[in-house]
Every structure is written in structure tokens, then in C-alpha cells.
Amino acid sequence: MLGNPIQSGQVNALIATNLTVRVDRPGTLLIDYHTVGGGQPAHLTAATSGGKNKGAAVVTRRQYLADAAFVVAVTGPGDQITELAAALTHPHWAPYLGRRSCPPDEPFLLRTDVDDPITELLTTVPLTSPHTDDRRTRAPVSRPDTSVDFLWERPPSGQSTTATPLTVQDRPVTFAQHGRSHGKRHLYRTTEQLPAGLLPRGDRALHDRLIDYAAADAERPQSTEYTA
């Protein structure tokens, strides 16, 4: 898993886990315009799967999510969480987000053992500034809390806001090389009020605060039930 050929049982193991996503910064959708083989004679244009040539330039428009920041809590059976944490700590291949040209920033794995990762997202994990220049957030604020969007795979219970149901087509069915397919997955979006003290303040950079949070994991009693 996460580096080895994925069999059907491993796909089912991934489905058995649950993700809760905190959207610190939703990002901006960018479209990158590409052409391949333009201005070349036909025999030098891009090749087709049948061994011939396109005969003209190939145009693609690739979408990227820029300046986004998310924190994800993963819950599930203890043995699967342990395996996932080990794979993320020592990945076989370089992790990437959506496209291989988009590696995640560090620290990638914040903690490998948390008793209640949902509560950690709501009360403890440092928040990324909603602005790309977090100096705008370092000024004193009068409000004690800040609004942050969450995405849940299960209907959230006990939260203060109404959940908006969503459907996405990204649940893995098979990762077969010539037959990769995905099914529907149901999500629920809420907006939660988090302590404003989780935002960057003063001269303490978010990166340093996240490293401190991740390092504190080594000092906690270990349990294999959850990870965040």
C-alpha cells in the first residue's frame, strides 16, 4: 500500500478509513495552457498509442490548486492506521497532491497517534492564515474565534452548524493500469468556529509552530487507534 501494487483488498482497506478535512485555505484554481509538437513537421509531432503521429500540435489545459492548505484527520482500525502512518513516514515513491509536479510541503505527517483527531483539528492543530501573506493575520484581532470550513465523510455529530451534503466521484474502485475507475463518495460541508489563537501571531512562523506540534507526538503516551 502507498508504494506497492494495490490489490482489491488494499483498496477496501483504504475505503475503511475515514477522512475529515479542515480547509485552512481553499486556494485558487489556476489553468496552465500547454502545447506539444507545435511548429513541427507531421512526423515529429506527438505520437499516438497506435504508433503514428498526431500531425498537429496537441493542446492541453491543466488545472492546479495554488496556495491551498488543508489538514486531514484519518481514523480507522488500528492496524490500518499503523500501516498508513508507516507508509507516509517512509514512502516508497515521492508523495504528490493531484499531479506529480505538486509535492506536499513539510511537515507532511503531523502526528501518528492521536486519541481524538477531530477534537485536535477543532482545538489544537495550528491554523494556516487564510491569506497568502500571513502578516495580514498577525495583527491583533478582537474576535475570540475564526470561521473555518470542514469536509466530513460521515455526518458530523455535535457540531454547531448545519451540514451541506455533497457528492464527488473519487472513491477508488480499482487502480488497474488499464481499467482504473472510481465511484461516488458522499461528503458533508460545515463551517466551524475555531479559537483565533490557532492563527499565526507575532513573529512565530506557522511552519515552526507545526513542527513543534508534530515533535510533541514523541512525548505522548502511544495508542494505535487513531492518527491525524
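The values are calculated or read from the model by the stated rules, or taken from the named source; none is laboratory data. All of these numbers come straight from a predicted model, not from anything done at the bench. Here Cβ is always computed from backbone atoms with ideal geometry, including for glycine, and neighbour counts include all displayed protein chains. Heads up: the accessible areas ignore ligands, DNA and RNA and are worked out on the full protein's heavy atoms, side chains in. Shrake-Rupley method; radii C 1.70, N 1.55, O 1.52, S 1.80 Å.
So the check is Cβ under 6 Å with 6+ separation or different chains; which pairs have a first residue in the range 60-86 that's closer than 18 Å to Arg100 by Cα and a second one that's among the charged types (D, E, K, R) and surrounded by 13 or more Cβ atoms within 10 Å (Cβ to Cβ)? Taking only residues 6 or more apart or on different chains, the pairs are Ala68/Arg25; Ala69/Asp24; Ala69/Arg25.
Only residues that are at pLDDT 65 or above and either over 22 Å from Thr119 (Cβ atoms) or open to solvent by less than 40 Å² (accessible area, probe 1.4 Å) (or both) were counted in the range 131-149, giving 3.
Taken over the range 174-187, the criterion of being over 17 Å from Ile15 (Cα atoms) and open to solvent by 50 Å² or more (accessible area, probe 1.4 Å) is satisfied by Gln177, His178. Regarding the range 106-119, can at least one residue be identified that is part of a helix (DSSP H, G or I), of a type in the set (A, V, I, L, M) and either open to solvent by 60 Å² or more (accessible area, probe 1.4 Å) or in contact (Cβ under 8 Å) with a residue 60 or more places away in the chain (or both)? Checking the range 106-119: at least one residue is part of a helix (DSSP H, G or I), of a type in the set (A, V, I, L, M) and either open to solvent by 60 Å² or more (accessible area, probe 1.4 Å) or in contact (Cβ under 8 Å) with a residue 60 or more places away in the chain (or both).
Is it the case that some residue within the range 150-171 is in a strand (DSSP E or B), at pLDDT 85 or above, out of contact with any Lys or Arg (no Cβ under 9 Å at 6 or more places or on another chain) and open to solvent by less than 80 Å² (accessible area, probe 1.4 Å)? The answer is no, given that none of the residues of the range 150-171 is in a strand (DSSP E or B), at pLDDT 85 or above, out of contact with any Lys or Arg (no Cβ under 9 Å at 6 or more places or on another chain) and open to solvent by less than 80 Å² (accessible area, probe 1.4 Å).
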